[in-house]
Amino acid sequence: MDLEPTAEEAAFRAEVRAFLKREVTPEVWAAHRDLGEQGMWSPDFTKAFRRKLGAAGYIGMGWPAQYGGGGRSRIFQAIFWDEMEYFRAPGLDRSITYVPNALMAFGTEQQKAMLLPRIIKGELSWFVGYSEAEAGSDLANMKTRAVADGDDFVITGQKMFSSDAHMADYGWVAARTDPSGPKHKGISLFIVDMRSPGVKITKYPTLAGWTHHAVYFDQVRVPRSMLVGTQDEGWKVVMGAIDFERAALSSPGLVGYQFDRLLAWCSKDRDGADRPIDDPLVQDELARLAIEAEGARLMSYWLASLHARGLMPQHETSLALLVKREVSRRMDISGLDLLGPHAPLRAGSPHAQLDGEVEVEYRDHLYFQFAAGGFDITRNVVAQRGLGLPR
């Protein structure tokens with residue numbers, strides 16, 4: 001892996017950064033920030049911004065030309081994701097990252113022709129329906145059923161932790177089609193139109209203050225043509241899609257932003273008072289965080305380089321995501337320590353530091369330890385698939 005960007009890659013990063021500086025200004029952030037629903041941005045603005053990304057040609061730059069993409073290296077896609085996350089821009093989610101990649105890998109030509117042209121324009125929002133009340137880390141324990149009925153399947157069940165379900169046009173939904181065999185068998189993957197009769201979405205508050213969602217399917221009819229892959233062999237589709245998901249989630253933009261924000265705060269002049277960065281202990285902590293942030297960045301681009309060579313990394317995606325999220329959690333903890341006694345104050349308090357961002361991220365990023373596999377589950381994946389250790 002060549003760690004130095006090419007001239008073309010550096011120019012592309014500068015282009016994306018200029019675009020985001022122009023589009024995601026502090027004024028835009030103030031006008032459209034919304035912690036009431038899952039995410040930092042209002043749903044309407046997120047959808048509008050995603051269409052803007054599509055019009056700019058950013059969504060499908062790494063797709064094959066046969067699907068309307070730019071055919072560029074996955075390195076360019078990684079750069080785009082990196083900058084989007086650094087600027088906390090809206091719309092960087094499953095709708096333009098791993099769902100279309102999984103659709104290209106496992107979908108039928110009819111499904112691709114129907115959905116990819118709209119995805120690449122930023123016109124579609126998706127939610128992923130995997131987890132259930134008793135099927136989280138043990139995802140194969142899912143109970144949601146899909147029963148064949150003529151040209152349709154009828155889905156009944158519940159999905160939990162359904163990020164952005166409230167704004168989704170389609171669901172990427174796993175359901176059990178054969179309950180008689182081993183639990184990793186008999187699962188199928190469906191594309192569900194969220195406007196279908198029988199779909200109900202509820203919501204509940206989280207510790208971080210935003211709202212999460214659950215989706216109920218009450219005899220929802222899904223055309224057989226919306227089955228992804230082979231019936232009863234959807235576990236392969238789910239696992240392949242999860243590898244795409246973890247690759248997207250490992251983007252290092254978040255930790256880069258967290259570090260730069262903390263470094264700027266520690267370096268700011270304070271009317272004659274000592275700056276935190278003048279303290280050798282603070283210098284030591286910032287140096288450690290800088291090294292770890294760089295490690296997360298290199299891990300992410302190493303993963304992108306594997307994709308760019310046409311490889312399909314598996315345990316490597318889990319490793320890259322684990323590193324990124326563990327570094328982010330250390331940023332959260334160190335951030336609260338370095339900000340001092342006012343650090344726990346929330347946005348709106350006259351003495352809140354950095355507008356309460358570090359405080360809310362500390363609460364928000366608790367989910368890093370269990371979502372998308374969780375820290376310990378991910379370590380098991382790396383140990384078993386990557387190192388060949390016994391189960």
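Values in this text are rule-based calculations from the coordinates and carry no lab data. This one's a predicted model, so the numbers in the text were calculated from it and none came from an experiment. Here Cβ is always computed from backbone atoms with ideal geometry, including for glycine, and neighbour counts include all displayed protein chains.
Here are the numbers for this structure:
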| read-out | value |
| --- | --- |
| Order of His351, His213 under a 10 Å beta carbon neighbour criterion, fewest first | His351, His213 |
| Coil-residue GluC sites (Glu not before Pro) of region 50-157, DSSP, other Cβ within 10 Å capped at 12 | Glu134 |
| Per-residue Cβ neighbour rank within 10 angstrom, fewest leading, Tyr367, Tyr58, Tyr204, Tyr86 | Tyr204, Tyr367, Tyr86, Tyr58 |
| Rounded to 10°, Cα long-axis angle of helix 315-339 versus longest principal axis of the chain | 40 |
| Antiparallel DSSP beta bridges within the chain, as percent of all bridges there, nearest 5 | 85 |
| Per-pair calculated FRET efficiency, R0 = 30 Å: Asp138 and Ile201 via Cβ, rounded to 0.05 | 0.80 |
| Spacing of the two label points (7 Å from each Cα toward its C-beta) at Tyr216 and Leu311, in nm | 4.7 |
| Nearest 10 degrees, 0 to 90: helix 280-308 Cα axis against the chain principal axis | 30 |
| Nitroxide proxy distance, nm - points 7 Å out along Cα→Cβ at Gln110 and Leu336 | 5.2 |
| Column: log10 I(q)/I(0), Debye, Cα scatterers of region 250-386, q = 0.12, 0.13 Å⁻¹ | -0.54, -0.62 |
| Positive-end residue, region 234-391 charge dipole about Cα centroid, Cβ charges, pick of Gly234, Leu303, Ile377 | Gly234 |
| Alpha-carbon gyration tensor eigenvalues x 5, square-rooted, for the chain, Å | 36, 23, 22 |
| When the convex hull of its Cα atoms is projected in every direction, mean area for region 190-280 (nm²) | 10.8 |
| Listed residues Ala273, Leu339, Ala247: farthest to the positive end of the dipole of the chain (Cβ charges) | Ala247 |
| Given charges at Cβ of Lys, Arg, Asp, Glu: the chain dipole, positive-most of Gln77, Ala287, Ile201 | Ile201 |
| Relative exposure of Thr317, Thr378, judged by other C-beta atoms within 10 Å (fewest first) | Thr378, Thr317 |
| Rotationally averaged projected area of region 7-92 (alpha carbon convex hull; nm²) | 5.7 |
| Dipole magnitude of the chain, debye to nearest 20 (Cβ charges: Lys/Arg +1, Asp/Glu -1, about Cα centre) | 1040 |
| Test item: Cα-centred dipole of region 112-235, Lys/Arg +1 and Asp/Glu -1 on Cβ, debye | 160 |
| Sites matching trypsin sites (Lys or Arg not before Pro) across region 95-201 that sit in DSSP coil, with at most 13 neighbouring C-beta atoms within 10 Å | Arg195 |
| Distance violations [Cα-Cα > 19 Å] among Lys159/Lys200; Lys52/Lys121; Lys121/Lys324; Lys143/Lys185 | Lys121/Lys324 |
